[in-house]
Amino acid sequence: MKSYNKLLGIVLAVLFVLYTPCVSFADNKETNYNKEKYEEYHDQINFEDLMICVINKKNIFVTVDPTISFFKKFEANKQKKKYDKYVENHPEVENELLDSVNSSDHICAISYTEAPLIYVDDHYERIPKEDNINMSSFTVNANAADKTATSSASVRHRLTLNTSIVRRGTSAPYIYTARTYGTWDNSVLSGEKAPAAGNDFILQACPTVTSSVRFSSKYNYETNGSKNGIEGKNYFKENGGDSWVQYEVVDDPAGLAQLSEFSLSQTFRAQITTETKKINSYYIHTWKQMDVTVSVSGSAGVSGGKPSAGVSLSFTPSIKDKQWQLYNYIAFNW
């Protein structure tokens, strides 16, 4: 009987480990402005127990590390499945991963938030959740697979806000780069004579002092003689502090300056700790020229030292009803 009870206890313990949900990081409710109001999807992929292989610097393969324990493989396989789904829906992301691996960076984690959009009254709007349909001036068939509109609006598939964190170096303090990059699906519009209606804002906040910042943008049409964005013409640094930064970028969804991609990076040094930390990223889309006042919550750690848990931002647009915001975060231990 004692042997039976002991065996039963072991079986129950194993089942408990296998089927207990993995701990997930809580959403930043203070800065996630749209989660309850609009349709969106958020997920994060952790690469701690995944192996990334690159062949000929152009083909990337992600597999589960065969040397980890059985219990770690269970979680690693979940992360691998999430990665497969991620690149299936966002194949352009593989190029970002290739750049990191070919630069000898260790990919720590990637997160993303998808927002389906609808084109109405000469601008793109976020799609309300089914419970909030009546709050909008346009109606949406929320049960349709492609989120088609019952008004004269045309559907634009989505805006995706991605954030990655990579590490470089052989010993602490390591050099980290946090990168927020966004991708708009190609527009179905052809508004070559439409003027730019309002610039957009991209912001990112890290929990430690940053040493350098980079930004880039690409367009569906040639803009100012280039598709890659030109400093001082298509975008410019507008605001920031020791741990956060704000860029303003030209975007005209119905005209020549259709923004297709953008990238904002912060680089910093940090020691390894066991504390969960969060990097917050924000996109503010406008269709009328406006200013945005930024409020900062939290403080950064000293350069090269222990970072704080997180720095979050909140905004007060000068014209409230001519803009919407998309928020993404990435949370992990480093």
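Per 0.36 nm of contour for each residue apart, how much would the distance between K37 and I230 grow if the chain were fully extended, relative to their Cα-Cα spacing?
Extra length from K37 to I230 when fully extended: 65.9 nm.
Under a cut-off of 13 Å between alpha-carbon atoms, report the aspartates and glutamates in cross-link reach of K57, not counting same-chain residues fewer than 8 places apart.
E94, E96, D99
With all protein chains present and a 1.4 Å probe, how do Y283, Y221 order by accessible area, largest first?
Per-residue accessible area, sorted high to low, gives Y221, Y283.
Quick check: net charge around T170, other residues with Cβ under 14 Å of its Cβ, Lys/Arg +1 and Asp/Glu -1?
Around T170, the charge tally is +2.
To the nearest 10 square angstrom, how much accessible area does I165 have with a 1.4 angstrom probe?
Rounded to the nearest 10, the figure is 0 Å².
Between their Cα atoms, which of K129/K322; K218/K288; K85/K237; K58/K129 are more than 28 Å away from each other? Could you put the intermediate results ahead of the total?
Details: K129/K322 19 Å; K218/K288 21 Å; K85/K237 34 Å; K58/K129 40 Å.
As for pairs spanning more than 28 Å Cα to Cα, those are K85/K237; K58/K129.
Can you list the residues, at least 5 places off or on another chain, whose amide H is less than 5 Å from the amide H of Q258, using H built in the peptide plane?
For Q258, the qualifying residues are N220, Y221, D252.
The values are calculated or read from the model by the stated rules, or taken from the named source; none is laboratory data. As the structure is a prediction and not an experimental result, all values here were calculated from the model. In this analysis, Cβ positions are derived from the backbone assuming ideal geometry, glycine residues included, and neighbour counts consider all displayed protein chains. With ligands, DNA and RNA removed, areas are computed over all heavy atoms of the protein, side chains included. Shrake-Rupley method; radii C 1.70, N 1.55, O 1.52, S 1.80 Å.
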